[in-house]
Structures are given as structure tokens and as C-alpha cells.
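Read the structure below first, then the notes.
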Amino acid sequence: MTANDVATPLGRHRRVATSLALLAGGALALTACGAGQISQTATQVAAVNGNSVDVGDIQLRNVHVVYPTSEEYSIEPGGTVELGFTAINSSSSVADELTGISSPEAQVTIVDEAEPGSTEIAPQTALGAGSSVDTTFADPLLPIQLITVEMADISENVRPGLTLPVTFEFANAGEVVIDVPVDAGSELERSEDAVSEHSEGE
């Protein structure tokens, strides 16, 4: 290609066509390199609502304040909410027991604590609180015992989207403090949608 060719419209057209061909070839090469490989997003699992922490042989998973869906529970200050979590005992031989849960933001009660063995976690089993949705993080083949944990007289700091400190105590694993998120709930989502629609209208 001569200097005159580049300066003419025909020369510019040839130069653009050559560039497009090179870009297309690069895209095909990248596609070929990725063939047969599983993308990162394809192997990602859905995020859970809660927080996680390990203490001793106990693995606490999906710890969160359950957003109220019935009239017996309320997220308003002074109300009562449920605590959801899964506590997995990874030990192959030693059992453990959940002996207490506390928080400066509420009065925590293990409702089933009076029943013998209700808070014991045998080796390779789990203890769960909340609905079945709240405990699905556990291995489906892992035996799990469900209990109810309530947080009463909650403070004004227990609000959707915020976190609060909660202390778990186990007979063998010991004590651990975890920042527990409060579920946002569908009502907050609807409220945000309404604000968004109102802003767009303006």
C-alpha cells in the first residue's frame, strides 16, 4: 500500500477493513482458548443471607436475624425476632453442646433448651435455627436438628441492613462473637422500589 493509497478514501476503507479483520481474529482466538473450560460464574454458588465463623470444631454458618413474616414477630424496637443459623460439628468423635447465646441488643432465648439433648451437637451432625430456608447451607446429607431461638425486646439498632454482635457459647469449642446481619425483608425492597419510581417520575 502506497502513501497515496492511505490518503485516499479507498485507502482508508482498506485500512479499516484490515483492522476489523484483526479484531475478529483475536476474538476467535480468545473463544478457542476458553473452549472446554468452565467459567467462574458457572461454578459460583448463591450468596447466603448471614455471616459465618469457625470456633474449635464448630462451624457456624448463615447466622442472621430472620425478617418477621408473621404477626408474632416484629422488627420494631421492643419487638421479638428469630435468629437463624446452622452450627455444624466437624469433629469425627467428640460431641459438643450449644450452652448459650447472648447479645447486648436483645434478650436471647433458646426456646427448646429445656428439652434434654435439644442443644447437643453429635459428631458430624448439625444444629439449626430458623426455617428450612435458613438452614439449607448445611450439607443435605448431614443430619440436622432444628431448634427455635428468639431475640426479644430488641433495641433500635436491630434494623434491616444493619449488623449486631451476638455471642455463641459451646461446651467444648468455647465462645465466639460474630457480627450478625439483619435481613432486609421484602417490605424494604418494595419501599426502595417505590422511592426509585418516585424519583424517576420527578
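The values are calculated or read from the model by the stated rules, or taken from the named source; none is laboratory data. Because the structure is predicted, anything quoted here is derived from the model rather than measured. With ideal geometry, Cβ positions are generated from the backbone for all residues, glycine too; neighbour counts draw on all protein chains shown. We work out accessible area using only protein heavy atoms, side chains counted, and drop any ligands, DNA or RNA first. Shrake-Rupley method; radii C 1.70, N 1.55, O 1.52, S 1.80 Å.
Things to note:
- Placing R0 at 30 angstrom, the Cβ-Cβ distance between T167 and V111 gives a FRET efficiency of 0.95 after rounding to 0.05.
- Solvent-accessible area assigned to carbon and sulfur over the stretch 73-122 amounts to 47 percent, based on a 1.4 Å probe.
- Our estimate of slack between D179 and T69, defined as 0.36 nm per intervening residue step minus the Cα-Cα distance, is 37.3 nm.
- The heavy atoms of S155 present about 30 square angstrom of accessible area, all protein chains included, probe 1.4 Å.
- The stretch 60-109 shape via C-alpha gyration tensor axes, a/c threshold 1.5: prolate
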